[in-house]
1. Any residue in segment 331-342 that's over 21 Å from L313 (Cα atoms): show its pairings with residues that are assigned to a loop (DSSP other than H, G, I, E, B) at Cβ separation under 7 Å, as long as the two are six or more apart or on different chains.
2. Do you know which residues across segment 328-340 are of a type in the set (A, V, I, L, M, F, W, C) and either surrounded by 17 or more Cβ atoms within 10 Å (Cβ to Cβ) or assigned to a loop (DSSP other than H, G, I, E, B) (or both)?
3. With buried (at least 18 other Cβ atoms within 10 Å of the Cβ) and at pLDDT 95 or above as the only criterion, which of R167, R117 stands out?
4. Residue check, G229 against (1) on the phi > 0 side of the Ramachandran plot; (2) in contact with a His (Cβ under 9 Å, 6 or more places away or on another chain), all met but one. Which one?
5. Give me the residue from segment 266-283 that is in contact (Cβ under 8 Å) with a residue 24 or more places away in the chain and loosely packed, with under 15 Cβ neighbours inside 10 Å and, out of that set, nearest to Y311 (Cα to Cα).
6. With respect to V337, determine if the residue is under 26 Å from the mean Cα position of the chain (by Cα) and either aromatic (F, W, Y) or modelled with pLDDT of 95 or more (or both).
7. Quick check on segment 120-138: of everything there that is in contact (Cβ under 8 Å) with a residue 60 or more places away in the chain and crowded, with 20+ Cβ neighbours inside 10 Å, which residue is farthest from K152 (Cα to Cα)?
8. Can you find, within segment 195-218, the residue that is nearest to S276 (Cα to Cα) among those that are surrounded by fewer than 18 Cβ atoms within 10 Å (Cβ to Cβ) and among the small types (G, A, S)?
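The values are calculated or read from the model by the stated rules, or taken from the named source; none is laboratory data. Computed from a predicted model, the values in this text were never measured in an experiment. Please note: Cβ atoms are built from the backbone with ideal geometry, for glycine as well, and neighbour counts cover all protein chains shown.
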Amino acid sequence: MKINNKWLKSKDTIKVMDALKCRNNQVLFVGGCVRNSLLGLPITDIDISTNARPDEIISLAKKAGLKSIPTGINHGTITIISNNKTFEVTSFRKDIKTDGRHATVAYSDKIEDDAERRDFTINAIYMTTDGIIIDPLNGMKDLKKRHVRFIKDPNKRIIEDYLRILRFFRFTAEYGDPDLGIDAEGLSACAANIDGIALLAKERVGSEIRKILKTQNPSSVLAAMEISGILSNILPGTACKNMPILIHLENKNTINWITRLIVLGGADPTNSLRLSNKENKEYKSTLKAINMGEKPSAISFKFGEIIAYSYSLAIAALTETSPPNDLSDQIAKGSSVKFPIKPQDLHNLEGKQLGDMLKKLKTIWIKSDFTLTNKDLMKKIDQ
């Protein structure tokens, strides 16, 4: 089989590959760029595998006028940059020792060694610069069936790096065939190694959970994570029963993983997922809005459109109802209106009295669905 994609013929790709091949090295594309090309999906990262060693990769890049960064040199990975485009170049390798988080590797000249240390068969498909597919582990068969499964013994693959438990669910959500279902052997191995998740850095766990929740429809995968105990291991108290409702209500162009996180419920994920300040603010603001229980227009005025949409869909999913038919209009209205009273309108008040009166009048105005004018509100001062 031969692939003919634009990215294969880009000047930057050709320059990097030519630089690495100049000593008759074996240089191949591998992983996501190959997998997504075969599936007709967008290419985000270009990974390259070669029998050249890291020192040689750096030397060849320099000779070609390319910048190189030893991002993972201890594991054989060098980042090469051409015209602001990055290429991850990794030497063929095999694992010598693993601790569930990181591996000690030895370099190899055999593509089979490199393929067998990878996680899933669909990630062990290689491609030449001419677009010729090299498939040492028969990953194409699984890719055609959209069957996400571990290479050889799932338990061994997981023990090499426990993050593969979460990657298994994420890849199943992204690439698996819903009708085929989740790979039973892989699921069983993930459940058996659940304690290994505690060894992982929370940043790595959080990154994978984000990616799972950002997939088009993670309902079945989340359900499998719940049944196996993996979801509650990471996010105690969560439940998936309302997730299909939320996904049904969502606009495919406006998937918000924070909304999905809220519908899962459970304990505060700020620490367990290492939420950023921005993510934490959105999460807490949406919960605050849910506790207020006001109209979407009022929430939009107080928190902005993003929170208002998240609030409205979360409420509908959790209560198993539908959002208002005019939801978009309500949210647009709330985000565009201006409170008609200014502090200088209340010139007889100051300090706490001024603040309390502004708060009182704003509450009255919001409850009127923003219909009361400055004149109407001024009449409310003495009431």
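1. Going by the 7 Å Cβ cut-off, the qualifying pairs are V337/F370; P340/T373.
2. I331, V337, F339 - these are the residues of segment 328-340 that are of a type in the set (A, V, I, L, M, F, W, C) and either surrounded by 17 or more Cβ atoms within 10 Å (Cβ to Cβ) or assigned to a loop (DSSP other than H, G, I, E, B) (or both).
3. R167
4. Here G229 meets the rest and fails (2).
5. A267
6. no
7. Taking the candidates together, the pick is M127.
8. S207
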